[in-house]
């Protein structure tokens, strides 16, 4: 049985390089996990932003290095992903060894289409294996494949596998070892089929027609069909892909997810908050008053603590998304969204990049490289940052928990904070649709590329894959909290603490007044007052403006920044028992020299709308520059998103104040 190898057990010989290649949605990633487990290396191929995923495992005392190539439909590349696959298979990718064996992952339910890529891989001239996935689903659909006959006609081994159940995994490992010393399969004989194709067609079209004619002849007698019995899955799909009912179910599913992450994560959030408060109390008691104690308590712990408390909610959101993706539901959502995307000038192929952007805009923008049409790809890249990524989630969670009344909306289980949270995601989607529509009718004129998609079968999500997605999200979030947020929190603390100025004098001067005056006279306070005229129409004071500026490297930094800034003011520890320390700080914040509260419901909504639309992520802008090959588009993205964010926040605050007072 293949298993992960430790460095001490690695063989002295060079590992066997095996490339895993296949169409998207054929079970390639699941097969990779079944063979090699968690990848030993994830990065980018040299010189490009396409992801490189490598795993290493032991089988029969041999070390095998498994290279998971990007999904491809053809080796005549039309996208950066396919260009990478071609380069690796031909040994032209710098720093990446030419594979000793190629495993083509072919979906048994769509074998003819998958054999198109397989025929091109065979022409490369490397030892090749066909891993036939989803054979259990093919059987339920009434498809029977003569595996031995298929292997004979192709001239290479064919191994049926059911990766989630690990069926055929050992056999595939044995076949890989045997193929390493075997000859490459014979090239497909296309000449007779080419002769039958009308010469008026262009050369690529003639090749495709001839290749499919060869595949049809090869599959004749290999694939047999029997009348499939209507299945429960098909009946479910009729509902879930229905234009009306499917859309309503999708909306209800999203609302249920947003609602549940509030009450499910609450106990863990309270536990984390209590732990951070305990650590802060211990530090205050252990260290004498001074700059070091202030740095640790008011800088590091206040900044990081205000962010880490939302880890349970972020982990649960990714848990739900991973489950929906693993069972096949998100593919149905893509089918539903295709009509809407085409209606605003986007391609249906934009759905997956846009969906990925809800986790992080960076992989979403990189996923757009699978869109062959440059017009559709660039349009998708420009609107992808409007999807509410996980970095915005802590901002939404904090402000909804603090300032949105926790009352029922229609149903007892549906609470107003969950509705507001869902609305923040909807804001990004709606604005993205409007921007895409405007751009497609002006700068990017032309019809969107047709979207062809085959729905995967329903299946139980793999626990290991789901938990790995959650782990990746949690670790990434904690790394940000432990690095970038710490750094920004320290910088903000320093800017808010220096230069030191003489404290105000008088018999009735309070500690809060002393600390407030010191903040106003600091570098941070002076910068904040400079920009206050710009942010005051949004309902913000100068401190919120400072936090927005400081969060440009990454949106989630705003919570740490607010924690640092408002920890310098007065706090009533007894108010709102059970709330996090940062929430108590924000509720106690007052405009300078008055009893007027800084944070109200319209202000909170204004901040959330601003962060839903703004371009507060330097990394995203860098990736846009790399993917488009120009710094014009990152500049355009930053300008248009910042303007939209200001206008949206302005309208939200002004209208909210008129309604709520």
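The values are calculated or read from the model by the stated rules, or taken from the named source; none is laboratory data. For clarity, every value in this text was computed on a predicted model and none was experimentally measured. Cβ atoms come from the backbone with ideal geometry, glycine included; neighbour counts cover every protein chain shown.
Below are the figures for this structure:
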{"read-out": "Residue match in the stretch 616-635 (condition: closer than 14 Å to residue 536 by Cα and in contact with a helix residue (DSSP H, G or I) (Cβ under 7 Å, 6 or more places away or on another chain))", "value": "no"}
{"read-out": "Selection status of residue 519, crowded, with 18+ Cβ neighbours inside 10 Å and within 34 Å of the chain's Cα centre (by Cα)", "value": "no"}
{"read-out": "Count of residues meeting criterion [farther than 19 Å from residue 101 by Cβ, more than 21 Å from the chain's Cα centre (by Cα) and modelled with pLDDT of 65 or more] in the stretch 1-36", "value": "0"}
{"read-out": "Residues that are farther than 25 Å from residue 181 by Cβ, out of contact with any strand residue (DSSP E or B) (no Cβ under 7 Å at 6 or more places or on another chain) and either modelled with pLDDT under 90 or buried (at least 17 other Cβ atoms within 10 Å of the Cβ) (or both), drawn from the stretch 96-112", "value": "110"}
{"read-out": "Residue under evaluation residue 490, criteria (1) modelled with pLDDT of 80 or more; (2) in a loop (DSSP other than H, G, I, E, B), criterion not met", "value": "(2)"}
{"read-out": "Qualifying positions in the stretch 50-80 - at positive phi and in contact with a helix residue (DSSP H, G or I) (Cβ under 7 Å, 6 or more places away or on another chain)", "value": "60"}
{"read-out": "Members of the stretch 365-391 found to be more than 27 Å from residue 318 (Cβ to Cβ) and surrounded by fewer than 24 Cβ atoms within 10 Å (Cβ to Cβ), listed by number", "value": "372, 373, 374, 375, 378"}
{"read-out": "The stretch 201-241, subset under 34 Å from the mean Cα position of the chain (by Cα) and not in a helix (DSSP H, G or I), residue modelled with the highest pLDDT", "value": "241"}
{"read-out": "Residue match in the stretch 135-142 (condition: assigned by TED's automatic domain parsing to the domain that holds residue 102, at pLDDT 90 or above and crowded, with 16+ Cβ neighbours inside 10 Å)", "value": "no"}
{"read-out": "Enumeration of residues in the stretch 415-442 that are surrounded by fewer than 18 Cβ atoms within 10 Å (Cβ to Cβ) and more than 17 Å from residue 652 (Cβ to Cβ)", "value": "437, 438, 441, 442"}
